[in-house]
Amino acid sequence: MDFFVLLVVIGLVWLVVAVVRKMMSSPPGHHGQTAGHYYPDIDEEDFEPAVTPRGTAHRDIPPLFPDFYHGVLFAVGKEPTPQNLLALVEYVSQMLTMNAVVWFQQTGDAAAQERFMNRFRGGGGDDQKLELVTDDMIDFLWAWRPSTRQALRDWIPDLERMLTGPDSRLWRFGDELPFGIWEMKD
């Protein structure tokens, strides 16, 4: 348990340091709208046409749903049932939210944090497909500040290693993952 917590803390510290370094080398953001979403810190000219299957803001990180989640579930011996997929999506989205809040606080961008939390609190709005919430969070962060892009690129493989490693919480459950994994005590 202590080792797992230590690994998570080390990972978060490393991620924050990487993001802060990148942000220190980036100019302040601009205002604009992309992919039908309002992101006040971005100019439209910073974006090419959408290339992801759902028509979201251009990014070079492949969508997490479904392949990433299927791969994680396979690695920990779980079937990709709707329950397992949604429980894993919820867990990953909570982890990304925690990182996003740190990034917003490091940059002092309380307005972006408020927009993010309003958009994604409780899994998003009524039209939000829960299985896509993490991908939509990545799109938001990708559009928010270019300096977060490399941190997001680095975070995905680290996340996969953490979720499938021997200390992953996902190993603790039988065939069905419960909701609220991120809230459970070790």
Per residue accessible area in Å² of the range 87-186, where ligands, DNA and RNA are left out and the probe is 1.4 Å: 46 Å²
For the range 57-186, with +1 on Lys and Arg beta carbons and -1 on Asp and Glu, the positive-most of LEU141, LEU85, PRO166 along the dipole: LEU141
The range 54-104 and the range 162-186: distance between their alpha carbon centers, rounded to Å: 14 Å
Spin-label pair ASP167/PHE74, simplified geometry with 7 Å Cα→Cβ offset, distance in nm: 2.7 nm
Listed residues LYS78, LYS129 arranged by accessible area, highest first, probe 1.4 Å: LYS129, LYS78
Carbon and sulfur %, accessible surface of the range 110-176 computed with the full protein complex present, 1.4 Å: 48 percent
Positive-pole candidate from GLN106, GLN150, LEU132, dipole of the range 86-186, charges at beta carbon: GLN106
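The values are calculated or read from the model by the stated rules, or taken from the named source; none is laboratory data. Keep in mind that this is a model prediction, so the values were computed, not measured. Note that each Cβ is placed from the backbone with ideal geometry, even for glycine, and that neighbours are counted across all protein chains shown. These area figures cover heavy atoms from the full protein model, side chains too; ligands, DNA and RNA do not enter into them. Shrake-Rupley method; radii C 1.70, N 1.55, O 1.52, S 1.80 Å.
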